[in-house]
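Input: a single structure, listed below in structure tokens.
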Amino acid sequence: MKKVILVFLALAMAFTFVACGTANNDVKPTDEPKTEEPQKLVMATNASFPPYEFVGENGAYEGIDVEIAGKIAEKLGLELEIVDTEFGSIIGGVQSGKYDFGMAGMTVTDERKESVDFSDSYATAVQVVIVAEDSAIASVDDLTDDGSVKIGVQQDTTGDIYASDDYGEENVIRYKTGNDAVEALKAGKVTAVIIDNEPAKSFVAANEGLKILEGAYAEEEYAICVAKENSDLLDQINTALQELTDDGVIADIVEKYIPSK
Ligand code: ARG
């Protein structure tokens, strides 16, 4: 009988331990830190600008800027979030803090520098002129402001600014994206499109019957923009860009999208 009671007691104690153990496991200590999502780095772009930023076949953002930004975010230990917006609203959104930075094949200009700060430049570009293959416009000099030529541009880009200055706003038709301007050219709504050289090459390759005129229209440098008070982020971006340049990472990304051969 004693044995039976002892066994019973032992079992009861064991059960109590198990029960306590289970209960204890259910109650999480209140001071345990919550598993936070990794902090985000929000990039504003306008993703109709191949090979710098575009929406790939699987619906994901791709391109030189997208990949460089991904590497920068990785170095900063942050998760990159990309927001596709109109080119002309990138700077305002960066200024207001809606986006951490803008990266969109964006040319450094004195006027933009009044609104935002720019990182070191990571690419150079030139503005070129696209026309129909059978166009009467044989060179950049054939573009005039006499009203016989209509020029298509992406609104708020340097192409828009140069074209409006040189040929008059009345001869410039502004489109939401470079692709829309190229579609207008194909449809005969404009005589020429002024746009950055690499997107121009991409658009001409993707569409029949277009060509790029000889001769660069204007030379420029691309950089990342951040809000003026955000010098910490600017420093971090510049350090990352320098490392990515030194390690040949940027050269590899560029080679992937703009093969040298
Ligand atoms: N480089 C030109 C500019 O800064 C055009 C940039 C357009 N970029 C774009 N992602 N759509 O004005």
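What follows is calculated from the coordinates using simple rules that are stated; it is not laboratory data. Being a predicted model, the structure only gives us computed values, none of them experimental. Backbone-built Cβ (ideal geometry, glycine too); neighbour counts: all protein chains shown.
Close Cβ contacts (under 7 Å, 6 or more residues apart or on different chains) running from residues in region 44-69 that are on the phi > 0 side of the Ramachandran plot to residues that are within 12 Å of the ligand (Cβ to nearest atom) comprise GLY63/PRO50; GLY63/PRO51; GLY63/TYR52; GLY63/GLU53; GLY63/PHE54. Could you please let me know if ALA104 is part of a loop (DSSP other than H, G, I, E, B), surrounded by 18 or more Cβ atoms within 10 Å (Cβ to Cβ) and of a type in the set (A, V, I, L, M)? When the stated conditions are applied, ALA104 passes them. Among residues of region 70-86 being in contact (Cβ under 8 Å) with a residue 60 or more places away in the chain and touching a helix residue (DSSP H, G or I) at 6+ places or on another chain (Cβ under 9 Å), the one that is surrounded by the most Cβ atoms within 10 Å (Cβ to Cβ) is ILE72. Please find, within region 93-120, the residue that is farthest from LEU244 (Cα to Cα) out of those that are within 12 Å of the ligand (Cβ to nearest atom) and not hydrophobic (A, V, I, L, M, F, W, C). Step by step, filter region 93-120, then rank; the result is GLU111. The set of residues in region 139-161 that are more than 10 Å from the ligand (Cβ to nearest atom) and at positive phi contains only GLY147.
Residue pairs whose Cβ atoms lie under 6 Å apart, separated by 6 or more positions or on different chains, with the first residue in region 97-121 and under 17 Å from LEU41 (Cβ atoms) and the second more than 14 Å from the ligand (Cβ to nearest atom) and charged (D, E, K, R), are ASP117/LYS228. Where strands (runs of 3 or more DSSP E) fall wholly inside region 164-261, the ranges with 2 or more residues that are surrounded by 14 or more Cβ atoms within 10 Å (Cβ to Cβ) and in contact with a Leu (Cβ under 9 Å, 6 or more places away or on another chain) are 192-196.
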